[in-house]
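Here is the structure we will look at.
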Amino acid sequence: DAGYTTTLAVANGTLTNAATGTITTRTGSGGSRTLAAQLDNLGTAQVPYGLALSKASASHVNAGTIDVTGGTLTVTQTGTTPSLTNTGTITVAPTRTLSVTGGTLDLTAGLLDGSTGTLSTNNATVLFNGPATVRTRLTLTASTVPGTVTVPALDSLVLTGGSPTVTLVNNGRLV
């Protein structure tokens with residue numbers, strides 16, 4: 001039994017999780033969970049079970065904390081200039097994945113953490129400043145990283161797969 005699908009949809013406007021708020025995925029009956037909304041997370045979003053975040057032309061923002069502790073957080077970006085901008089912290093637990101398809105993923109200001117978690121992108125533009133803001137394993141498939149990414153001395157960048165377009169200056173270790 002695959003369970004029942006659960007969807008929270010916001011047709012117009014933005015779903016804002018306040019600085020003191022918490023959004024948590026629950027086990028339910030074992031079906032899939034979808035948040036069909038433009039998300040502005042100022043508080044905490046806990047993902048102990050898989051979650052799909054999908055809304056056409058959405059500009060998602062995380063200025064709080066997202067903890068991917070179970071399952072996969074799947075962000076599917078379609079439509080006109082869709083994006084996910086992180087100015088807070090996204091933590092991806094060991095063997096867990098943040099998966100982003102399409103649009104722009106902006107990681108230049110916040111922190112993507114989890115040394116054995118994975119960021120997986122497909123057909124996305126990924127903006128980041130190297131290991132200072134991205135501390136996960138990377139699988140960048142058909143994705144573009146504009147500008148130059150520098151791996152500082154005594155630091156490392158772990159690329160586990162994919163075929164990104166990126167200019168890389170390696171002063172440290174590329175794994």
### Task
Select from the stretch 121-151 the residues that are of a type in the set (Gly, Ala, Ser) and within 12 Å of Leu168 (Cα to Cα) and write down the one among them that is least open to solvent (accessible area, probe 1.4 Å).
Gly130
### Query
For Thr118, are the conditions met, namely being farther than 25 Å from Ala19 by Cα and surrounded by fewer than 19 Cβ atoms within 10 Å (Cβ to Cβ)?
no
### Query
From the set of residues in the stretch 157-170 that are assigned to a strand (DSSP E or B) and more than 15 Å from Asn129 (Cβ to Cβ), which is least open to solvent (accessible area, probe 1.4 Å)?
Gly161
### Query
Within the set of pairs 6+ apart or on separate chains, which have a first residue in the stretch 164-175 that is under 19 Å from Leu119 (Cβ atoms), a second that is surrounded by fewer than 11 Cβ atoms within 10 Å (Cβ to Cβ), and C-beta atoms under 7 Å apart?
Gly172/Ala153; Gly172/Leu154
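The values are calculated or read from the model by the stated rules, or taken from the named source; none is laboratory data. None of the values given here were measured: they were computed from a predicted structure. We place every Cβ from the backbone using ideal geometry, glycine too, and count neighbours over all the protein chains shown. These area figures cover heavy atoms from the full protein model, side chains too; ligands, DNA and RNA do not enter into them. Shrake-Rupley method; radii C 1.70, N 1.55, O 1.52, S 1.80 Å.
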